[in-house]
Amino acid sequence: MKFKYTTLLFAILALITSCTKDFEKINTNPNAPETTNTEFLMSDVLVSTAYAYQENAVNRRPASAARYLTLVRNTGYDLLDWGPVDWDDIYARLAVNKTFIETAQKRSENQYVAIGKIMKAFNFGYLTDLYGDIPYSQALKSKEANIIYPEYDQQQAIYPDLLRELREANDMLKGNTQEINAKGDVMFKGKALAWRKFANSLRLRMLLRISKNYAPAFTEMQEILNDKTAYPVFESSADNAEAAYLGNIAAYSWPGGPLAMIDFDYLKTKASKELVDRLIQRNDPRLTVWVEPVKSTTGSTVDLNRYVGVPNAIDAPAAYNGGEDHVSVFSSTFFRKNGGASNTLLKASLITYTEQCFILAEAIQKGKLTVSGETAESLYYKGIKESMSSYAVSATQAYYDQPLVKYDGTLEQLITQKWLAMLFKGAEGWFDQRRTGYPAFVTGPLAAGRSIPKRYTYPDSESAKNRVNYQKAVSVFGADNQYTLMWYLK
């Protein structure tokens with residue numbers, strides 16, 4: 001989970017403070033400045049969070065766990081042989097966000113306190129979604145409380161507190177007239193209403209996620225939907241929480257583009273059979289946008305289709321179907337761009353209206369929720385159409401009339417379409433699959449485990465340096481391996 005976009009904040013502050021001959025200022029810690037530009041902190045938090053989240057979605061473990069891609073070289077992710085995973089990058093972003101909130105509080109800038117709360121909920125939510133129980137209440141307190149080795153909090157205590165933060169953020173922004181700096185706000189250009197929609201739509205995601213073991217989940221979802229004045233939510237894809245890529249330097253480019261290729265080497269990263277086959281089965285127009293046809297069918301050994309995905313966790317994946325010319329990679333005309341002018345549709349998405357449509361469709365389908373003017377069926381179709389629109393394609397009625405697509409009220413159908421729509425959208429494809437069991441994947445004959453992993457294992461540094469709290473945590477949580485179920489999955 002190493003994140004390449006290192007924050008510029010502390011480096012800039014150190015440079016500024018080095019330019020004085022005043023003894024007192026020379027001996028002031030540049031990492032703990034008395035005053036900091038709130039807007040700069042906000043921009044730093046938003047950019048680093050969005051870009052890191054997107055990078056994880058494209059070329060890290062979540063993309064492999066969701067079986068969107070197949071690695072034919074350096075196949076550890078693909079074989080689900082992960083081992084301990086570092087979390088320092090997420091805590092680093094949370095540390096900057098904490099400074100952002102504290103600075104805003106000192107200045108009585110409640111609009112920024114609210115935004116900080118939303119970003120705290122997003123980042124801590126992602127962290128506990130990945131690991132389960134984590135340091136939370138004592139985290140980031142090395143300065144004020146001298147807590148170097150924090151205790152772990154249980155997920156069932158963390159989630160309600162994050163939901164509280166989101167509710168408070170929405171309430172703080174309601175009626176608040178303090179200006180949000182539009183230039184520093186890379187997601188919503190200073191629009192307070194858009195931030196409120198983000199907070200409440202994120203609550204819907206989180207509430208559905210924990211609904212199996214959080215009794216008030218659907219009641220709280222219904223409360224949001226019953227009063228859109230008090231709790232506005234996304235109404236279209238124009239409301240999406242996402243940051244654009246400038247595409248001018250590596251740090252501001254799509255992680256699969258030429259400037260920011262990182263590990264997403266197209267010689268080793270192929271479209272998975274799980275993805276390609278489901279798109280072909282549905283005659284899905286997104287197939288030609290996302291995936292390239294094979295260079296040649298002559299010499300193919302297994303599959304003579306124009307689009308061929310590679311199975312996961314097989315022996316000699318680079319030689320599958322006759323090798324390089326006979327398998328599909330992700331589209332050079334769409335994904336292999338830098339963003340910005342090269343492809344304005346490539347953005348770092350935190351949560352989208354498409355996802356919200358599927359969230360509400362699932363809750364209605366379960367008989368747990370009502371949405372005025374909508375049914376599970378109508379929202380299911382909206383989710384598909386919004387996804388296609390985000391890739392500048394559309395489907396004919398014949399597409400929707402196909403047996404695999406025509407709404408049938410099953411969770412498998414709904415989640416499979418959601419999984420397709422969530423391609424490279426955070427870790428949602430993986431999170432939904434481990435929660436529902438859909439789509440049902442073939443993990444592969446060489447996969448390290450019996451199924452798709454359910455979590456990340458804790459960093460090595462925890463068992464080495466925070467050993468007492470680590471051992472206490474796993475004695476409650478369960479074995480520190482990829483298959484131990486976190487609270488909301490039990």
inquiry  = Can you pull out every residue in the range 414-453 that is among the charged types (D, E, K, R) and touching a residue at least 40 places away in the same chain (Cβ under 8 Å)?
reply    = 418, 425, 428, 434, 435
ask   = Here is a list of conditions, (1) outside any loop (DSSP other than H, G, I, E, B); (2) farther than 20 Å from residue 99 by Cα, and residue 188 meets all of them except one; can you say which number that is?
value = (1)
message = Residues that are more than 30 Å from residue 376 (Cβ to Cβ): list the helices (runs of 4 or more DSSP H) wholly contained in the range 415-490 that include at least 1 such residues.
response = 460-465, 467-477
ask   = Does residue 250 satisfy the condition of being closer than 30 Å to residue 187 by Cβ and surrounded by fewer than 23 Cβ atoms within 10 Å (Cβ to Cβ)?
value = yes
task = Give the residues of the range 210-224 that are in contact (Cβ under 8 Å) with a residue 40 or more places away in the chain and open to solvent by 20 Å² or more (accessible area, probe 1.4 Å), sorted by residue number.
result = 211, 212, 213, 214, 218, 220, 222
task = Check the range 179-196 and report whether any residue there is open to solvent by 20 Å² or more (accessible area, probe 1.4 Å), modelled with pLDDT under 95, more than 24 Å from residue 359 (Cα to Cα) and of a type in the set (Gly, Ala, Ser).
result = no
query = Is it the case that the range 148-166 has a residue that's closer than 24 Å to residue 381 by Cα, open to solvent by 20 Å² or more (accessible area, probe 1.4 Å) and outside any helix (DSSP H, G or I)?
reply = no
message = Looking at the range 313-341 only, could you name the residues that are surrounded by 18 or more Cβ atoms within 10 Å (Cβ to Cβ), under 30 Å from the mean Cα position of the chain (by Cα) and in a helix (DSSP H, G or I)?
response = 317, 340
message = Can you find, within the range 342-352, the residue that is least open to solvent (accessible area, probe 1.4 Å) among those that are of a type in the set (S, T, N, Q) and over 17 Å from residue 205 (Cβ atoms)?
response = 343
ask   = Does any residue in the range 322-347 that is at positive phi come within less than 8 Å, Cβ to Cβ, of a residue that is surrounded by fewer than 21 Cβ atoms within 10 Å (Cβ to Cβ) and part of a helix (DSSP H, G or I) six or more places away or on a different chain, and which pairs are these?
value = 339/252; 340/252
inquiry  = Restricting to the range 236-271, count the residues that are in a strand (DSSP E or B) and of a type in the set (Ser, Thr, Tyr).
reply    = 1
request  = Collect the residues in the range 288-311 that are in contact with a Phe, Trp or Tyr (Cβ under 6 Å, 6 or more places away or on another chain) and closer than 23 Å to residue 78 by Cβ, keeping them in residue-number order.
outcome  = 291, 293, 310
Condition check for residue 456: closer than 22 Å to residue 139 by Cβ, touching a Phe, Trp or Tyr at 6+ places or on another chain (Cβ under 9 Å), buried (at least 16 other Cβ atoms within 10 Å of the Cβ) and touching a residue at least 24 places away in the same chain (Cβ under 8 Å) = yes
task = Look through the range 62-120, keep the residues that are of a type outside the set (Lys, Arg) and on the phi > 0 side of the Ramachandran plot, and return whichever of them is least open to solvent (accessible area, probe 1.4 Å).
result = 80
Some residue of the range 227-235 being in a loop (DSSP other than H, G, I, E, B), surrounded by fewer than 21 Cβ atoms within 10 Å (Cβ to Cβ) and aromatic (Phe, Trp, Tyr) = no
ask   = Which number in (1) open to solvent by 10 Å² or more (accessible area, probe 1.4 Å); (2) more than 18 Å from residue 93 (Cβ to Cβ) marks the one condition that residue 136 misses?
value = (2)
query = Considering 397, 402, 365, which residue is touching a Lys or Arg at 6+ places or on another chain (Cβ under 8 Å), more than 30 Å from residue 269 (Cα to Cα) and not hydroxyl-bearing (Ser, Thr, Tyr)?
reply = 402
note = Residue set 414, 485, 420; condition open to solvent by 10 Å² or more (accessible area, probe 1.4 Å), at pLDDT 95 or above, on the phi < 0 side of the Ramachandran plot and of a type outside the set (D, E, K, R); output residue 485
query = Out of curiosity, is residue 375 in contact (Cβ under 8 Å) with a residue 24 or more places away in the chain, within 30 Å of residue 199 (Cβ to Cβ), surrounded by fewer than 16 Cβ atoms within 10 Å (Cβ to Cβ) and over 26 Å from the mean Cα position of the chain (by Cα)?
reply = no
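The values are calculated or read from the model by the stated rules, or taken from the named source; none is laboratory data. As the structure is a computational prediction, the values presented were derived from the model and not from experiment. Every residue, glycine among them, receives a Cβ derived from its backbone with ideal geometry; neighbour counts consider all protein chains shown. All accessible areas refer to the heavy atoms of the entire protein, side chains included, with ligands and DNA or RNA removed. Shrake-Rupley method; radii C 1.70, N 1.55, O 1.52, S 1.80 Å.
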